[in-house]
Amino acid sequence: MDNTRRKFLKLAGLTAVAGVTVPMLGSKALAADHGGGHAAPAEHGGGHQEEAPTGVRQGLVIDTGKFHDNPGLAEKCQKVCHDYHNVPKFPTSKDEIKWIWTDKFPNVFPDHSHYKKDDRMSSMNILALCNHCDNPPCVRACPTKATFKNKDGVVMMDFHRCIGCRFCMAACPYGARSFNWRSPRGSEDGHPFIENYNPKFPTRMRGVVEKCSLCSWRTKQGKDPLCVEEANKEVEGAMVFGDLNDPNSEISKVLRNRFTIQRKPSLGTKPSIFYII
Amino acid sequence: MVDKILKGNGLYWGWLTLLLMIMGAGAVAYLVQFNYGLGATGMSRDVTWGIYISQFTFLVGVAAGGLMLVLPYYLHDYKSFGRITLLGEFMAIAAVAMCLMFIIADLGQPMRAMNVILHPSPNSMLFYDMIVLNGYLFLNVLCGFVVLSSEYRGIKYPNWVKPFIYLSIPWAVSIHTVTAFLYCGLPGRHFWLTAVLAPRFLASAFAAGPALLMVIALIMKRTANFDVGQTAKDKLVTIIGYAAIINFFLLGCEVFVGYYSNIPGHMHTLDYLFFGLVDHSTGVMHNNLVPFMRASVAMGIVGIGMLFLARKQKSDAMLATSCILIFVAFWIDKGLGLVLGGFVPSPMEHVVEYVPTVVELTVTAGVWSTGFFILTLLYKLVVAVKRDSEATLKIS
Amino acid sequence: MYDKGKVLLGLAIFLVLALSVVGYNMTAGDNKKPEPEDAKLKGYTACVKKTDYMKSSHMVLLNQWRDEVIREGKREMVETADGSLMVEKSLQNGCMKCHTSKVKFCDTCHQYASVKPYCWDCHLAPVEPTDGKEAH
């Protein structure tokens, strides 16, 4: 018994080694002009260029200027997301759960220079959410495959499988993940953490990690994610959703025409969320 | 053989009762945490691992430290470690048991822990950690008990156990290396993202593990009239001292790389740990680990000096003090600073500090007590068997 | 071996105690609870699989649906066994669309079988038709 187990583990180990080396041996071809690599700062050279795309890779472009010119829009996006997905609101910040939120430029882009930047940028509130990295460190870290990248290039969570070890939270360089430190269905001082339950979507239970899933349940039906739909309702083009690997998609066209940046590109995670500053 | 643990004096039973009481309190605290969720701890969205995982990390080191007591005896036939080798193996058993308990205590969904085996994920370092920790536990239980029971029957241990003993030596290195890899392979956590993390883990482990053993040996000399021998102690001093010095050398390397390169990400956590760090969005200074970390460095350096002095003066009291200093210094360094510091600043460069709750501390005390409970029973066994077999040798 | 007699006596007592529970159950006769009745739904002719399969293995199907939907992205609808209806592969938005009462449909049987599935820790049960309160 023990012997077969050991054999299996050995095999698993070898598979892992093979799994690690094969992509490294694979083509290191530079990204075509529609790839995401153009966002890497020039001084980093070719090191952060993304490989030639394969399959679908859903992503977002966020036009921060449009959000800045329309105060309250970002908050509306957050509300529609959190309401639909039954994201609880806790009274203490240590228990906080958020899928999409805003922060200042130096916090969203700590790697970028924020010295003597213009007043507009300094006062901007910038939307932050899971980057649905093409090379997600959280997926690498997860010991149960509870978090994984799906066929659309979206980093998903399987709440049924998560054991709550929070390795993915330590691995995520973007602070995109939240943990259910306590039951989201509870209440404190008569205030339930979820005011109005959306009967179409589940809640989570305590002890699992959660985050944005780029509305994979909606996009499969050809709809935009909720935040994108909400933002574009008021301001056309505030957010663009689509397949980054399809050169004819709207998002690829936007990316070809506008200068965009990604969060912490030097880490090699290849974020699929782009920002027009 | 096992019946030996049932014969002890009042001190022995009093000590076990005390441990049992703390274990009981820990169990109650764990129930509280189990029913409320991990929100009963001080951990937060930004500091997602707290004292459980840091104790785990430190104790993997203590377990790996057993290597330094096993290796000289089995590999170099260093006879003076005859009385200490088994103690090292059994210390590893207790330490790994504590590690596993701390992991379970830290899980949000402990009932699903088996998912790690049901859905094996060879890309996760935690998967390998599970393998090496359980493997190391198995190896030490096997080798420890086979060697002990052979001694009990007055024979040399059988040859078939030798490969396991030899395997346990590199395996000890692997447990702490893999534990370091949990941290140092994560992008965006600059404090952990360093190639010297695994070597530093090993260095501090090879000091802290034997230091704990030395303290216990000195206690047993008084309470159980069991002396590991002057030669063994002198050799241990060398091991602990040099390992501790290497740890500080590697810490120095970290400090140099951080401050000479002047890269903010590399300096932030060092700043936070030793001087305090200001959160730029609020302007508030955060420094609650600073006194601990400074004390750690001071205790470590004083401990090393005192250690060699104690050997020169053949003073058990000074030896015990110096080992306690080194053990506590490295407990703070790895059991507090390393894990907690790594989360500061957060990925969005906010500074959020962590303070453990009473529930969390009680669970932690409970796990440590369980570890010491296991350790006490095992050491009781070793001492009784060793005495018997040595007495038989004298008669014959 | 020391104290052979005592050890054997202890083992015997243990065996008697352990088996007494089984014995009681076999001899006590009519301590069986009545089986819960099928909750027949009006207006529907078939479920996605045969009733027997659904009774014994609905949890297997639910797990399969979960993996297909979340992990493989296969979110297409499924047909009922007689082709009369298309159903979403979802406990909350599929099953409970027809089986509108969790209390009658799920709980009765689960209580009888003494199983405690954790579905409803996350999934929201529909508002119970009788007392009008949302059950979460």
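The values are calculated or read from the model by the stated rules, or taken from the named source; none is laboratory data. All figures in this text were calculated on a predicted structure; none of them were measured in a lab. Virtual Cβ from ideal backbone geometry, glycine too; neighbours counted across all protein chains shown.
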Check your understanding: Quick check: is even one residue across the range C:124-134 within 11 Å of chain A (Cβ to nearest Cβ), of a type in the set (Asp, Glu) and farther than 21 Å from A:Ser216 by Cα?
Key -> yes
Exercise for review: Would you point out the residue of the range A:165-193, among those that are basic (Lys, Arg) and at the interface with chain B (Cβ under 8 Å from one of its Cβ atoms), that is nearest to A:Asp111 (Cα to Cα)?
Suggested key: A:Arg166
Exercise for review: Evaluate the range B:322-337: report whether one residue or more is modelled with pLDDT of 95 or more, more than 30 Å from B:Gly276 (Cα to Cα) and within 17 Å of the chain's Cα centre (by Cα).
Suggested key: no
Practice item. Run down B:Leu107, B:Leu142 and say which single residue is aliphatic (A, V, I, L, M), more than 18 Å from the chain's Cα centre (by Cα), closer than 23 Å to B:Leu375 by Cα and within 12 Å of chain A (Cβ to nearest Cβ). Key: B:Leu142
Practice item. Scan the range B:148-165 and give yes if some residue there is among the hydrophobic types (A, V, I, L, M, F, W, C) and part of a loop (DSSP other than H, G, I, E, B), otherwise no. Key: yes
Review point. Quick one: how many residues across the range B:337-387 are part of a helix (DSSP H, G or I) and either more than 30 Å from A:His112 (Cβ to Cβ) or touching a His at 6+ places or on another chain (Cβ under 8 Å) (or both)?
Key: 30
Practice item. Identify the residue in the range A:195-234 that is under 15 Å from the mean Cα position of the chain (by Cα) and within 14 Å of chain B (Cβ to nearest Cβ) and, among all such residues, is surrounded by the fewest Cβ atoms within 10 Å (Cβ to Cβ). Key: A:Glu210
**Study point:** Residues of the range A:245-277 satisfying the condition of being part of a strand (DSSP E or B) and in contact with a Cys (Cβ under 7 Å, 6 or more places away or on another chain)
**Key:** none
Study note, to complete from the structure: Among helices (runs of 4 or more DSSP H) entirely inside the range A:68-161, those with 1 or more residues being crowded, with 20+ Cβ neighbours inside 10 Å and either on the phi > 0 side of the Ramachandran plot or at the interface with another protein chain (Cβ under 9 Å from one of its Cβ atoms) (or both) are A:105-108, A:137-141
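Yes or no, residue by residue, for (1) of a type outside the set (S, T, N, Q); (2) part of a helix (DSSP H, G or I); (3) farther than 20 Å from B:Val196 by Cα:
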{"position": "B:Lys235", "(1), (2), (3)": "yes, yes, yes"}
{"position": "B:Val255", "(1), (2), (3)": "yes, yes, no"}
{"position": "B:His268", "(1), (2), (3)": "yes, yes, no"}
{"position": "B:Ser281", "(1), (2), (3)": "no, no, yes"}
{"position": "B:Met299", "(1), (2), (3)": "yes, yes, yes"}
{"position": "B:Gly305", "(1), (2), (3)": "yes, yes, yes"}
{"position": "B:Arg311", "(1), (2), (3)": "yes, yes, yes"}
Check your understanding: Is it the case that some residue within the range B:338-354 is surrounded by fewer than 22 Cβ atoms within 10 Å (Cβ to Cβ), among the aliphatic types (A, V, I, L, M) and under 18 Å from the mean Cα position of the chain (by Cα)?
Key -> no
Point to revise | Top-ranked residue of the range B:226-250 - restricted to ones that are surrounded by fewer than 17 Cβ atoms within 10 Å (Cβ to Cβ) and not β-branched (Val, Ile, Thr), ranked as farthest from B:Arg83 (Cα to Cα) | key: B:Phe249
Practice item. Please specify each residue of the range B:165-203 satisfying the condition of being away from every other protein chain (no Cβ under 14 Å) and touching a Ser or Thr at 6+ places or on another chain (Cβ under 6 Å). Key: B:Ala198
Point to revise | From the options C:Gln111, C:Gln92, residue that is within 14 Å of another protein chain (Cβ to nearest Cβ) and part of a helix (DSSP H, G or I) | key: C:Gln92
Exercise for review: Hey, could you check the range B:110-136 for residues that are in contact (Cβ under 8 Å) with a residue 40 or more places away in the chain and more than 9 Å from chain A (Cβ to nearest Cβ) and say which is surrounded by the most Cβ atoms within 10 Å (Cβ to Cβ)?
Suggested key: B:Tyr136
Exercise for review: Mind telling me which of the residues B:Leu59, B:Leu20, B:Leu31, B:Leu75 ends up being outside any loop (DSSP other than H, G, I, E, B) and crowded, with 19+ Cβ neighbours inside 10 Å?
Suggested key: B:Leu59
Study note, to complete from the structure: A careful count of residues in the range B:111-126 that are of a type in the set (Val, Ile, Thr) and not in a helix (DSSP H, G or I) gives 0
Review point. When the range C:64-89 is examined, which residues are found to be within 14 Å of chain A (Cβ to nearest Cβ) and of a type in the set (Asp, Glu)?
Key: C:Asp67, C:Glu68, C:Glu72, C:Glu76, C:Glu88
Review point. Taking the range A:158-176, which residues are closer than 17 Å to B:Arg112 by Cβ and among the aromatic types (Phe, Trp, Tyr)?
Key: A:Phe159, A:Phe167
Exercise for review: Would you point out the residue of the range B:37-55, among those that are closer than 22 Å to B:His350 by Cα and hydroxyl-bearing (Ser, Thr, Tyr), that is surrounded by the fewest Cβ atoms within 10 Å (Cβ to Cβ)?
Suggested key: B:Ser44
Check your understanding: Looking at (1) more than 14 Å from chain A (Cβ to nearest Cβ); (2) touching a helix residue (DSSP H, G or I) at 6+ places or on another chain (Cβ under 8 Å); (3) not in a helix (DSSP H, G or I), which is the only condition C:Leu61 fails?
Key -> (3)
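For every residue, the table says whether it meets (1) within 28 Å of B:Gly371 (Cα to Cα); (2) not in a helix (DSSP H, G or I).
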{"residue": "B:Leu212", "(1), (2)": "yes, no"}
{"residue": "B:Ile219", "(1), (2)": "yes, no"}
{"residue": "B:Phe226", "(1), (2)": "yes, yes"}
{"residue": "B:Asp271", "(1), (2)": "no, no"}
Review point. Inside the range B:34-49, can you point out the residues that are touching a helix residue (DSSP H, G or I) at 6+ places or on another chain (Cβ under 7 Å) and in a helix (DSSP H, G or I)?
Key: B:Gly39, B:Ala40
Check your understanding: Is there any pair linking a residue in the range B:335-355 that is at the interface with another protein chain (Cβ under 10 Å from one of its Cβ atoms) and farther than 22 Å from A:Ala128 by Cα to one that is assigned to a loop (DSSP other than H, G, I, E, B) and of a type in the set (Ser, Thr, Tyr), with Cβ under 7 Å and at least six apart or on different chains, and which?
Key -> B:Tyr354/B:Ser44
